[in-house]
Amino acid sequence: MSNRVEIFYKGQKALLNVFSLWPQNERHWRIFHQVNHVHVMGFWVLLFDLLLVMHVVGNLSSMSEVVRAIFVLATSAGHTTKLLSIKANNVELEELFKRLDEDDFRPRGVEEELIMAAACERSRKLRDFYGALSVAALSMILIPQFVVDWSQLPLGTYNPFADHPGSTGYWLLYCYQCLALTVSCVTNIGFDSLCSSLFIFIKSQLDLLAVRLDKMGRWSSAGGSVEQQLKENIRYHMAIVELTATVERLLCKPISMQIFCSVLVLTANFYAIALLSDEKLALFKYITYQACMLSQIFILCYYAGEVTQRSLDLPHELYKTSWVDWNKDSRRIVLLFMQRLHSTLRIRTLNPSLGFDLMLFSSVGYFRSSTVLCTVANFHNEPH
């Protein structure tokens, strides 16, 4: 079972280890990873953020240049937050990965094995699909720019070589932008697919609990046997609740930041699509990136929302058991368990009243659309 559980995190963990985020046991590996982490974060992440900020500040009078930089700056801010968050919680994340393979979460029987196998396959397909989509979006940003007009940088950053597009410094900056954006892409693939995979794992555990509730008391009408099964399922549910709380605590801040940054990206992209439609290459770039950002928000909200939806079904699964035939003590335990199941599991945002689900995704879509329409209307109403 351990090899199967690794599907939920092993590939993403290896991808994120490019940034040397995970703790090391041996001293020489710790030194190497510390040096590599400082190098990657300082040169490829924070310096890239600084160049983007300088470009935005230096071109506040040019809306097209600001829009050209904002969509990359928001993405870079999101992936910087993810890296810092993982580094700060790397020990707890390692413990979380080990927790996934404990006896509490292992399937029992053929039916549960099939459910877990389906969840593993779903996680693998999601990781591969999202990775392919992100790489395609990255390619659409970088490759057409080089083929059509290599005298212009693919991204809007501070450029000290603006008057010398063919100089050595210009090409070094060109390569730096391509590699820095690739670093951002790698972060998003690893982190977003890891979050979604953990949500899929939690949902699969709720599916296993539903199967066990359905089988409860089926083979034996003895009160002691049913009571024992009830207590085992209550302990199992408590373990799932604890796992969900841990995942929420470790991931809610970077995911919330990612949602906020994605809203900025989508708003800037819609604005660019509305006002810069005469620039065909830029329009194609924005539309491709728009699809990737929408997919990024959707997978995080959808799979977190599935946890909530499956949790809502559990009281019905318990009610469908043959509890009317059980003794008084068992029925009392069922009543208490039913009350506990009505506390729905949710992966909450920084605002505890909101959870990651399709309602949040739809509200993000409504907010960005109304904001862009108002902005474009005001722009056209202003005297030129």
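The values are calculated or read from the model by the stated rules, or taken from the named source; none is laboratory data. These numbers were taken from a predicted model, which means no experiment stands behind them. Every residue, glycine among them, receives a Cβ derived from its backbone with ideal geometry; neighbour counts consider all protein chains shown. Heavy atoms of the whole protein, side chains included, go into the accessibility calculation; ligands, DNA and RNA do not. Shrake-Rupley method; radii C 1.70, N 1.55, O 1.52, S 1.80 Å.
Taking the chain on its own, what percent of its Cα-Cα pair distances exceed 27 Å?
56
Straight-line reach only, C-alpha to C-alpha below 17 angstrom: list the aspartates and glutamates that K87 could link to, leaving out same-chain residues fewer than 8 apart.
Cα-Cα hits under 17 Å: E95, D192, E248.
Could you state the angle between the C-alpha long axis of helix 280-319 and the longest principal axis of the C-alpha atoms of the chain, as a value from 0 to 90 degrees rounded to the nearest 10?
10
Given the C-alpha atoms of segment 109-195, compute the convex hull and give its volume per residue in Å³.
86
Just to be sure I understand: with springs between alpha-carbon atoms less than 10 Å apart, which residue in L266, L172, L243 has the highest mean-square fluctuation in the Gaussian network model of the chain?
Ranking L266, L172, L243 by mean-square fluctuation puts L172 first.
Just how far, in whole angstrom, is segment 342-358 from segment 303-337 if you go by their alpha carbon centroids?
21
If you take the square roots of the eigenvalues of the alpha-carbon gyration tensor of segment 50-135 and sort them as a ≥ b ≥ c, do you get rounded (a/c under 1.5), prolate (a/b over b/c) or oblate?
oblate
Does segment 132-242 come out rounded, prolate or oblate, given a ≥ b ≥ c as the square roots of the eigenvalues of its C-alpha gyration tensor, rounded meaning a/c under 1.5 and, failing that, prolate meaning a/b above b/c?
In terms of gyration-tensor shape, prolate.
Just from its helices, what would the mean residue ellipticity at 222 nm be for the chain, if runs of 4 or more DSSP H residues each count -39500 (n - 2.57) and the sum is divided by every residue, rounded to the nearest 500 deg cm²/dmol?
Value at 222 nm, helices only: -26500 deg cm²/dmol.
Using a 1.4 Å probe on the protein heavy atoms, what percent of the accessible area of the chain belongs to carbon and sulfur?
Whole-percent figure for carbon plus sulfur exposure: 63.
With every protein chain in place, what's the accessible area of R331 (1.4 Å probe, Å², nearest 10)?
Taking all protein chains as shown, R331 has close to 90 Å².
Report the charge-dipole magnitude of the chain in Debye, nearest 20, computed about the Cα centre from +1 at each Lys and Arg Cβ and -1 at each Asp and Glu Cβ.
680
Toward the positive end of the charge dipole of the chain, about the Cα centre and with charges on Cβ (Lys, Arg +1; Asp, Glu -1), which of L52, S295, N159 goes farthest?
Towards the positive end, the residue furthest out is S295.
For segment 221-270, divide the Cα radius of gyration by the Kirkwood radius and give the resulting Rg/Rh value with two decimals.
1.47
Among A132, L93, Q258, flag the residue with its Cα farthest along the positive direction of the charge dipole of the chain, charges on Cβ as +1 for Lys/Arg and -1 for Asp/Glu.
L93
A88 to L179: FRET efficiency via 1/(1 + (r/R0)^6), r the Cβ-Cβ distance, R0 30 Å, to the nearest 0.05?
Computed FRET efficiency for A88 and L179 comes out at 0.75.
To make sure I understand the rule: partners must be lysines, Cα under 28 Å from the Cα of K215, and not fewer than 8 residues away in the same chain. Which ones qualify?
K203, K231, K320, K328
Relative to the longest principal axis of the C-alpha atoms of the chain, give the angle of the C-alpha long axis of helix 328-341, reported between 0 and 90° and rounded to the nearest 10°.
Here the helix axis deviates by roughly 10 degrees.
Note the full-extension length gain between I143 and N17 as 0.36 nm times their separation in residues minus their Cα-Cα distance, in nm to one decimal.
Net length gain for the segment: 42.7 nm.
Over the chain, average the accessible area per residue using a 1.4 Å probe and give it in Å², no decimals.
Per residue, the chain has an accessible area of 48 Å².
Tell me the net charge near V35. Cut-off is 15 Å between Cβ atoms, V35 excluded, with +1 for each Lys or Arg and -1 for each Asp or Glu.
+2
Could you state the number of Å between the C-alpha centres of segment 13-45 and segment 141-208?
Cα centroid to Cα centroid, the span is 20 Å.
Between C120, W171, N17, whose Cα lies farthest towards the positive end of the dipole of the chain when Lys and Arg beta carbons carry +1 and Asp and Glu beta carbons carry -1, centred on the Cα centre?
Result: C120.
Considering the chain as a Gaussian network with a 10 Å cut-off on Cα pairs, which listed residue, R235, R68, R346, attains the greatest mean-square fluctuation?
Judging by the Gaussian network model, the answer is R235.
Non-local amide H neighbours of T349 (under 5 Å, H modeled in plane, Pro and chain starts lacking H): which ones?
Close amide H contacts, sequence-distant or interchain: L354, G355, F356.
For the chain, find the longest principal axis of its Cα atoms and tell me its angle to the long axis of helix 90-99, 0 to 90°, nearest 10.
The helix 90-99 is inclined about 40 degrees to the chain.
Please express the Cα-Cα pair-distance distribution P(r) of segment 9-105 as a list of whole percents, one per 5 Å bin, running from 0 to the bin with the greatest distance.
Final binned percentages: 2, 11, 17, 18, 15, 11, 9, 7, 5, 3, 1, 0, 0.
Within straight cross-link reach of K98, meaning Cα distance under 17 Å, which lysines are found once same-chain residues fewer than 8 apart are removed?
Candidates past the 8-residue exclusion: K10, K13.
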